[in-house]
Amino acid sequence: MEMNDWEGGKTEKSAPDGQERGKSCGFDEVKSIVADRIHQVAEALGGKAAEQDARSGAAHYGKEASEWLDQSAEYVRQFDYKQADARVREYVRQSPERSLLIAGAVGLIIGALWRRR
């Protein structure tokens, strides 16, 4: 039986299909909610930019930021966590030393930030 390192020792085959679909549906709902909120912010920002003088720099930057937020919302909707998980696992298998260095550096940065609070 294979071990799933991410699940704390549970076997990959022990989770029923219904549980896996439940996790996927929950994640899809969260993705949808986040994407909708980002889109709402983009619309509000775009509306504020349109209200301002079209020639002002703030209006231009507001419109550009609104477009970036819309693109981000679309990215969130299209994000496939299973594919991302597979890519990360493959990267760690191919270069475990570099992965450990990256994880250590991120841990040090988070620890330093945490300590400042």
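Each residue in region 43-100 was checked for being loosely packed, with under 12 Cβ neighbours inside 10 Å, among the aromatic types (Phe, Trp, Tyr) and not in a helix (DSSP H, G or I), and 0 of them qualify.
Contact annotation: no residue pair with Cβ atoms under 7 Å, 6 or more positions apart or on different chains, pairs a residue in region 103-117 that is closer than 24 Å to Val92 by Cβ with a partner that is surrounded by fewer than 10 Cβ atoms within 10 Å (Cβ to Cβ) and at pLDDT 95 or above.
Residue-by-condition table, conditions (1) closer than 28 Å to Phe27 by Cα; (2) among the small types (Gly, Ala, Ser):
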| residue | (1), (2) |
| --- | --- |
| Ala44 | yes, yes |
| Gly47 | no, yes |
| Ala58 | no, yes |
| Tyr61 | no, no |
| Lys82 | yes, no |
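Only one of the numbered conditions (1) at pLDDT below 95; (2) more than 21 Å from the chain's Cα centre (by Cα) is not met by Gln94, and that is (1). In this entry, Glu51 is excluded by the filter for residues that are of a type outside the set (Lys, Arg) and closer than 25 Å to Val30 by Cβ.
The values are calculated or read from the model by the stated rules, or taken from the named source; none is laboratory data. The shown structure was predicted, so the numbers you read here are calculated from the model rather than taken from an experiment. FYI the Cβ positions are ideal-geometry reconstructions off the backbone, even for glycines, and counts take in every protein chain you see.
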